[in-house]
Amino acid sequence: QVQLVESGGGLVQAGGSLRLSCAASGRTFTSYTMGWFRQAPGKERQFVAAMHWIGMTYYADSVKERFTISRDTAKNTVYLQMNSLKPEDTAVYYCAGSFTIRTIRLANEYNDWGQGTQVTVSS
């Protein structure tokens, strides 16, 4: 049973930065793809960023050049560095993972999910 635990959310002013962390436990994660999704009130969950287990990274157009996903394989932890935050980045951010990924930007491709962490960006 895989467990994903996020941390690092909070309240920040527009233009500020936050770093989210997601620690995975429960199995060996050699071929485990991990990503981040977010969901704002009244909106569907949307793809933010992902790192395939072979190392390739993917970003939503809305966060390119501002967000960076990285991974510490020794700690089974993935990070999301968020810079130049905007009020429209306000959402609950979810960490997700899967051993079998075909379309990395689709939420229903991921089998494991964290509980979510709130990110609020004030204007």
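The values are calculated or read from the model by the stated rules, or taken from the named source; none is laboratory data. If you're wondering where the values come from, they're calculated on a predicted model, not measured in any experiment. Note that each Cβ is placed from the backbone with ideal geometry, even for glycine, and that neighbours are counted across all protein chains shown. Keep in mind that these areas ignore ligands, DNA and RNA; they rest on the heavy atoms of the full protein, side chains included. Shrake-Rupley method; radii C 1.70, N 1.55, O 1.52, S 1.80 Å.
Summary of values
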item: Most mobile listed residue (Gln81, Gln13, Gln39) in the chain, GNM with C-alpha springs under 10 Å; result: Gln13
item: Highest-MSF residue in the chain out of Phe47, Phe99, Phe37 [GNM, Cα springs under 10 Å]; result: Phe99
item: Straight-distance crosslink candidates among aspartates and glutamates, where the alpha carbon sits under 19 Å from Lys64 and sequence neighbours closer than 8 are dropped; result: Glu88, Asp89
item: Under 18 Å from the Cα of Lys43 - lysines, other chains or at least 8 residues apart; result: Lys86
item: Net length gained if the chain between Thr103 and Ser84 were fully extended (0.36 nm per residue, minus Cα distance); result: 4.1 nm
item: Among Leu20, Leu106, Leu80: highest mean-square fluctuation, GNM of the chain, C-alpha pairs under 10 Å; result: Leu106
item: Fully extended contour minus Cα-Cα distance, from Glu44 to Ser7, at 0.36 nm per residue; result: 11.2 nm
item: P(r) of the chain over all Cα-Cα pairs, binned every 10 Å from zero, in whole percent; result: 14, 50, 30, 6, 0
item: Antiparallel bridge percentage (DSSP; both residues within the chain; nearest 5); result: 90
item: Average accessible area per residue (Å²) across the chain - probe 1.4 Å, nucleic acids and ligands excluded; result: 53
item: Computed over segment 48-101: relative contact order in percent, which uses C-alpha pairs under 8 Å that are six or more apart; result: 23
item: Inter-label distance for Met56 and Asn111, nm, one decimal - labels placed 7 Å from Cα along Cα-to-Cβ; result: 2.1
item: Relative contact order [Cα under 8 Å, 6+ residues apart], the chain, whole percent; result: 35
